[in-house]
Amino acid sequence: MTLPSASPRLGRDVLHELMYHLPRQSDVFSLMRTSKTLWDSGVKPLLDRGVTVEKLAQLSSFCDFMLNGDGRSRSVHLRKLHVAIRLDGDGARYDEESDTENSDSNAGSDDGTAFHASGSKDTLRKLAQVLQNAPNLEELRLDSCEELFERHMDLAKSVTALTTVRRLLVSSIGPLAAKMLDNIKSTLIELDVHCGSEEIEEPDTLFPLVKSHQASLEKLSAWYVELDTLPRPFPRVTALALRSFFDCILDVASLQRAFPSLRYLELSEPGDLEADESREANRPHAEKGSWTLAHLCGSLNALCGLGMAPHATKLEVDHVWSETATLAKLRTVVSEARPSHLVLHTGHLVFRPLNINDIPGLLPTGDVPVTHLTLNMCPNFLAGPADKLLMFVLRLAYDLEDDEGPSTSRASGRRPELLAAYAETLQQDIVRELVKVTSSLQHVVLTVSGVRTTYWVARRAETTIDVDELDGASGRALVQREGLAYNDRSIGIQVYP
């Protein structure tokens, strides 16, 4: 690469600071290439945002960039790395004789994300070298972790030798990944283990995977696991997410002994949980007292299986649809948890319709102290909220479901009549009608797929109501401050500090 020899006219400090305010990493890289001065000084702002690689070619280029010249001087700025390369589940191993990115056996794949049997062993060797020279790496995420380690054992050794990682997320856990988890030298604060893959048919038992980090862990997420017995407590864990767990009866007493300090609890997608039996088994213990949580979330069946939902400031419920038993469970969980902030999801994971006539039954009743309500749904009509509400967030997404069943694609789920009903020009009228329904409502947020998100504030006088739109920055800050920002629970426990 030939770089211009002329130095930029603006001061180096000014241009260096400018790099931190550019919206994309590609913009930073483009500015770096304009001069030798910026090529050197831009490494830190380029890497500070973290690096995600999804293709083998990207990984190879990234490693070459990090190792070019004095590799350590660049690696010192690497703090977050996500290796998102997807491996095939066909059991193929690296071909020692091949160092190409494609072969006849995988020529039919054109998405560029798969790391096939003929993937470059040299690239993994370089990745191991990058990790060996990354003294400040704080967050590491490895998709297809077991398969990566199988293809290059030195990579497993490099990860194990890391001492500065505080947040580790690994998917696909077999013997090699489990050994790494048991022996990694870092003091982990947050651990996310996803034990499922195409080649791993049985869920893993949770405790053997995480026992080495009992003293340090503060956040723990686990996918495709069996809880079994947790013989010793994790005293510092305040946030626990159990996703796709496989236990017929949820042992709440054991969970409380193992995680006595919880403030965030998520129970999602129970594999074979018998919710009613679990509820009856846990009720005697739950009635004696449980955690007092800042945030309780998960599938409705799993929350019912707790025996009695613990009190929580924020309650987030998945899998709500039009079924008498389901709506009854929802009312029970809400009345037990008594949240001030309530978030309800319909259409996520379980594609069952929500009847328009059932929407009022989702709204909090007079004996529940809800002041902040969020509905993530795809209905044709929304009823007015209850009188205590101070803030209301409506998110309508077109790729959830429609009256005919689940959408097969984002495009097929779009509803032109809904888009027209919530058009930006009509949103002030919608907000005004909502504000009229309840005397306490102060803020409304409308997020509709295909329409700009708008944020509104209601100001009441003795005889009039003024509804004004907030600017985007103020609106986003308000939603974030009130704990109602969109929570993508697939990427670890981000929402809980």
So, taking all protein chains as they sit and a 1.4 Å probe, how much accessible area belongs to Lys329, in Å² rounded to tens? 50
Exceeding 20 Å between C-alpha atoms, which entries from my cross-link table qualify? They are Lys55/Lys185; Lys219/Lys329; Lys185/Lys211; Lys36/Lys126; Lys157/Lys179. Lys55/Lys185; Lys219/Lys329; Lys36/Lys126
Under the Karplus relation with 6.51, -1.76 and 1.60 and θ = phi - 60°, whole-Hz ³J(HN,Hα) for segment 216-226, x at Gly and Pro, equal 10, 4, 10, 9, 9, 10, 9, 10, 6, 10, 9
How much FRET efficiency would the formula 1/(1 + (r/R0)^6) give for Gln428 and His77, where r is the Cβ-Cβ distance and R0 is 35 Å, rounded to 0.05? 0.15
Pairwise FRET efficiency - Asp122 versus Glu287, Cβ, R0 = 51 Å, nearest 0.05: 0.25
Which cross-chain or sequence-distant (5 or more) residues have an amide H under 5 Å from the amide H of Phe234, H modelled 1.01 Å from N in plane? Phe259
Distance in nm between pseudo-label sites at Ala161 and Asp182 (7 Å out along the Cβ direction from Cα): 2.1
Leaving ligands and nucleic acids out of the surface, order Trp456, Trp223 by accessible area at 1.4 Å, largest first. Trp223, Trp456
Counting only residues 5 or more apart in sequence or on a different chain, those whose built amide H sits under 5 Å from that of Asp192 are Leu168, Leu169, Val170, Ser221
Taking 0.36 nm per intervening residue step and subtracting the Cα-Cα distance, what contour gain separates Gln442 from Ala325 on full extension? 38.8 nm
Sites Tyr20 and Ala461 - FRET efficiency at Förster radius 60 Å, r taken between beta-carbons, to 0.05: 0.85
Go through segment 298-307 residue by residue and turn each phi into a ³J(HN,Hα) via Karplus (6.51, -1.76, 1.60, θ = phi - 60°); whole Hz please, and just put x for glycine and proline. x, 6, 4, 4, 5, 5, 5, x, 5, x
Could you go through segment 250-266 in sequence order and give the Karplus-derived ³J(HN,Hα) for each residue, using 6.51 cos²θ - 1.76 cosθ + 1.60 with θ = phi - 60°, rounded to whole Hz, and x for Gly and Pro? 7, 8, 5, 4, 5, 4, 5, 5, 6, 10, x, 10, 5, 10, 10, 9, 10
In terms of solvent-accessible area of protein heavy atoms at a 1.4 angstrom probe, what is the ranking of Ser30, Ser322, highest value first? Ser30, Ser322
Spin-label model distance (nm) - Arg49 vs Asp468, 7 Å beyond Cα toward Cβ: 3.4
Counting sequence-distant residues (5 or more places) and residues on other chains, those with an amide H built under 5 Å from that of Thr313 are Leu293, Ala294, His295
Is there a quick way to get the dipole size of segment 126-265? I mean about its Cα centre, with the Cβ of Lys and Arg at +1 and of Asp and Glu at -1; what is the value in debye to the nearest 20? 800
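The values are calculated or read from the model by the stated rules, or taken from the named source; none is laboratory data. As the structure is a computational prediction, the values presented were derived from the model and not from experiment. All Cβ positions, glycine included, derive from the backbone under ideal geometry; neighbour counts span all protein chains shown. Note: areas computed on protein heavy atoms with side chains; ligands, DNA, RNA excluded. Shrake-Rupley method; radii C 1.70, N 1.55, O 1.52, S 1.80 Å.
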